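Novice: Mind having a look at this structure? Questions to follow.
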Amino acid sequence: MSKPGQIRLAVVAGVVLFLEFICRVGWVDTISLAPPTKIVASAIGLVMSGEIRRDAFLTFSTVAGSIVSAVSVGFLMGLALHRFPLVRRFLDPFLASYYSIPTFVFYPFFIVMFGLNRIPLMAIGFIFAVVAMAINTLSGMQRVPRVWLRTAQMMRMSRIDTIRKVIMPAAAPYLFTGLKLAIVYSFIGVIAGEFILSGAGLGFQIAFSYNSFETAKMYGYLAILLTLVGGLNLYIYSLEKRIYERRGGR
């Protein structure tokens, strides 16, 4: 393990031990915070009993639909904004203030449109994530060196080859940033929607455990969720790193 990795591990271990200590000696009310050992035991119990299975499936299938739709639409939106500068200039003020809009005000509209099912939650995750992907796609397209495009023209590369071999590799860092943000925002939108508005899913179970004063169970759900999301982010990071290494990047 690298030196920074050892430092991070030591910091995490120190924080966990400190939390365990203050919970055990009674410095913190157990209704507010459960000892880490009880949180881990609760998380293991939820997984082993299968109690979490249905809610995890509902949450992650909804998030997956939100991510796929947001990344696809956001990528095409970014390409369109790059292709039509006049449209981009017209939409710039709206894109700049997009995240100041309280997204959950659209939930009643989504219920009217799609009914009482998981689609309104997926739509909330989508509108959270789509603009982040679009903006990063646009940024990537704008930062492709013009000399690379002129070189591709001089070599008489087709439009498809230019996109595949020149534009996409140059824009890859921004596209990966957009993908990572889309994943994060989709999780935020769906989990927050379940927390407030749904009757099933991990967000609902966290809220239900909180309202029932089942502190260890609530933190157990949170620990499972953080572990799964963290693992997904690490996978995306490793995939990004492998692609850069294959292309000779750093």
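Novice: State which residue is surrounded by the most Cβ atoms within 10 Å (Cβ to Cβ) when the search covers only the range 9-52 and only residues that are in contact with an Asp or Glu (Cβ under 7 Å, 6 or more places away or on another chain) and of a type outside the set (S, T, N, Q).
Specialist: Within the range 9-52, the match that is surrounded by the most Cβ atoms within 10 Å (Cβ to Cβ) is 35.
Novice: State the number of residues belonging to the range 55-73 that are without any contact (Cβ under 8 Å) to a residue 40 or more places away in the chain and either in contact with a Gly (Cβ under 6 Å, 6 or more places away or on another chain) or small (Gly, Ala, Ser) (or both).
Specialist: So the answer is 2.
Novice: Quick one: how many residues across the range 78-97 are closer than 29 Å to residue 197 by Cα and modelled with pLDDT of 80 or more?
Specialist: Residues that pass the stated criteria total 1.
Novice: Can you tell me which of (1) more than 24 Å from residue 198 (Cβ to Cβ); (2) free of Cβ contacts under 8 Å to residues at least 40 places away in the same chain; (3) surrounded by 14 or more Cβ atoms within 10 Å (Cβ to Cβ) is the one residue 110 doesn't meet?
Specialist: Result: residue 110 passes all but (1).
Novice: Give the residues of the range 80-107 that are touching a residue at least 24 places away in the same chain (Cβ under 8 Å) and closer than 30 Å to residue 159 by Cβ, sorted by residue number.
Specialist: Within the range 80-107, 81, 82, 88, 95 qualify.
Novice: Out of all the residues in the range 73-91, is one or more assigned to a helix (DSSP H, G or I) and within 28 Å of residue 201 (Cα to Cα)?
Specialist: Scanning the range 73-91 turns up at least one residue that is assigned to a helix (DSSP H, G or I) and within 28 Å of residue 201 (Cα to Cα).
Novice: How about the range 98-213: which helices (runs of 4 or more DSSP H) wholly inside it have at least 2 residues that are of a type in the set (D, E, K, R) and either more than 22 Å from the chain's Cα centre (by Cα) or modelled with pLDDT under 85 (or both)?
Specialist: Of the helices (runs of 4 or more DSSP H) lying wholly inside the range 98-213, those with at least 2 residues that are of a type in the set (D, E, K, R) and either more than 22 Å from the chain's Cα centre (by Cα) or modelled with pLDDT under 85 (or both) span 146-154, 159-162.
Novice: Just name the residue that is modelled with the highest pLDDT out of those in the range 16-72 that are closer than 20 Å to residue 195 by Cα and outside any helix (DSSP H, G or I).
Specialist: 52
Novice: Right, next: List pairs: first in the range 189-202 and surrounded by fewer than 24 Cβ atoms within 10 Å (Cβ to Cβ), second aliphatic (A, V, I, L, M), Cβ under 6 Å, 6+ apart or cross-chain?
Specialist: The qualifying pairs are 195/207; 200/58.
Novice: Closer than 30 Å to residue 34 by Cα and either crowded, with 17+ Cβ neighbours inside 10 Å or β-branched (Val, Ile, Thr) (or both): is that true of residue 206 in this structure?
Specialist: Judged against the criteria, residue 206 is a match.
The values are calculated or read from the model by the stated rules, or taken from the named source; none is laboratory data. These numbers come from a predicted model, not from an experiment. All Cβ positions, glycine included, derive from the backbone under ideal geometry; neighbour counts span all protein chains shown.
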